[in-house]
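Working notes for the structure below.
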Amino acid sequence: MRRIIKTALWTASTAVTVCGCAGHNLLGQVVDDNFYVGGVAQPKGPVAIGGSYSFRFVEKWRISHAWVQGTGVRPCLYPSNVFQRIPGYPALANESNAPMFEKDGRVYMGTTFERAPGQIVFGERSYELLGERRSGDRRFEGKYTPFCGQFFAASRNGMSLSIIKPDPAKGTDAWITGAIPRIINARTWLVKKVPPKDLSGTGLIQPIEYWTLKIPDTPYWMHLTFSASLDYSVRQHGMEHETLLNLFHQIIESVKLEPITPVDPMSIPPIVPYQSQPRPKNSG
């Protein structure tokens, strides 16, 4: 089954082979492991660093970073920039991905709908940045949702990238308690590393590296984690583990925060949250 995700395309960069099982599941059955963007299959092949995502963030920063690509790798879940498709907003059209706007402590992204392709509406993204439950979605547990995330089944390693508003009640203090400052690209990250645990028989992995960047002049953090297990990821698949951990560090090194000039609020549509309307009952 095709998995369709709407986001921006990226280009290839350096490549390192980490898995020879692409195209088959654990039973050896051939599967369609492509991911599609706008109906186009994403790059297949060895896991590698891909191109950059770039977006305006709360009209204070331009945030950009790379992510991995390769067979079965999910693209990041940033929507494409609607202001590139609809004329009249040149100041907002330079980034490949949708700008994030803040209003009354909430975060919104502009988008359109097929029924009204020329009309910009704003959807709230607080379930990702604030860790809040989406209205009417019982499956969502009210936890932070990463914009980028990938689990590598062959070695049971995982990596994720989130942008969040910290909340001690959701455990964010633990991410930086005991962390060591490290400067990369003139930005100070808080780095916390913990020894991998033996999780034999559980099939689980746990974070072994937490990287947190407090976004200046905002209440938000960029937060990345790398997860693994001692028994499986490190001991049984050490080479792949080290390769993926190196790619993870390259993602961190790719992160850039550049100050931007806010656009005139009168030059963008009013940020009025879109409220989905209930479907009419079938009278028949």
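Readers should treat all values here as calculations from the given coordinates under stated rules, not as data from a laboratory. Keep in mind it's a predicted model, so treat the numbers as computed, not measured. Because the Cβ atoms are built from the backbone with ideal geometry, glycine has one as well, and the counts that use them run over all protein chains shown.
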In cubic angstrom per residue, the convex hull of region 152-284 built on its Cα atoms measures 222 Å³
Full extension from Ala186 to Val263: what is 0.36 nm times the residue separation minus their Cα-Cα distance, to one decimal in nm? 25.2 nm
Provide the per-residue ³J(HN,Hα) series for region 196-210, in order, calculated from phi with Karplus coefficients 6.51, -1.76, 1.60 and θ = phi - 60°, each as a whole number of Hz, with x at glycine and proline positions. x, 9, 7, 10, 3, x, 9, x, 9, 10, 9, x, 10, 9, 10
Using bins 5 angstrom wide from zero, how does P(r) for region 140-228 break down, in % of all Cα pairs? 3, 13, 21, 25, 20, 12, 5, 2, 0, 0
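Just check region 75-123 against the gyration tensor rule for me: Cα atoms, a ≥ b ≥ c as the square roots of the eigenvalues, rounded for a/c under 1.5, and otherwise prolate or oblate depending on whether a/b exceeds b/c.
It is rounded, given that a/c, with a ≥ b ≥ c, falls under 1.5.
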Rg/Rh for region 233-273, where both radii come from Cα atoms and Rh is the Kirkwood radius: 1.44
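About the Cα centre of region 36-96, how large is the charge dipole given +1 on each Lys and Arg Cβ and -1 on each Asp and Glu Cβ? Please answer in debye to the nearest 20. Before the final figure, lay out each step's value.
Working: 6 positive and 2 negative charges, 11 e Å.
The calculation lands at about 60 debye.
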Cα→Cβ-extended label distance, 7 Å offset, between Lys103 and Glu242, nm: 5.2 nm
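Highest mean first, how do 249-255, 186-192, 161-167, 266-272 rank when packing is the count of other Cβ atoms within 10 Å averaged over residues?
Final packing ranking: 161-167, 249-255, 186-192, 266-272.
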Given H placed on each backbone N at 1.01 Å, which residues far from Leu199 in sequence or on other chains put an amide H within less than 5 Å of it? Leu230, Asp231, Tyr232
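What is the sum of charges, Lys and Arg at +1 and Asp and Glu at -1, for the other residues whose Cβ falls under 11 Å from the Cβ of Ala93?
Values: positive: Arg56, Arg85; negative: Glu95.
Within the 11 Å Cβ shell, the charges total +1.
Considering only the other residues whose Cβ falls under 15 Å of the Cβ of Trp175, what net charge follows from Lys and Arg at +1 and Asp and Glu at -1? Show your work: numbers first, answer last.
On the way: positive: Lys143, Lys165, Lys170, Arg182, Lys192, Lys193, Lys214; negative: Asp167, Asp173, Glu209.
Once all neighbours under 15 Å are counted, the net charge is +4.
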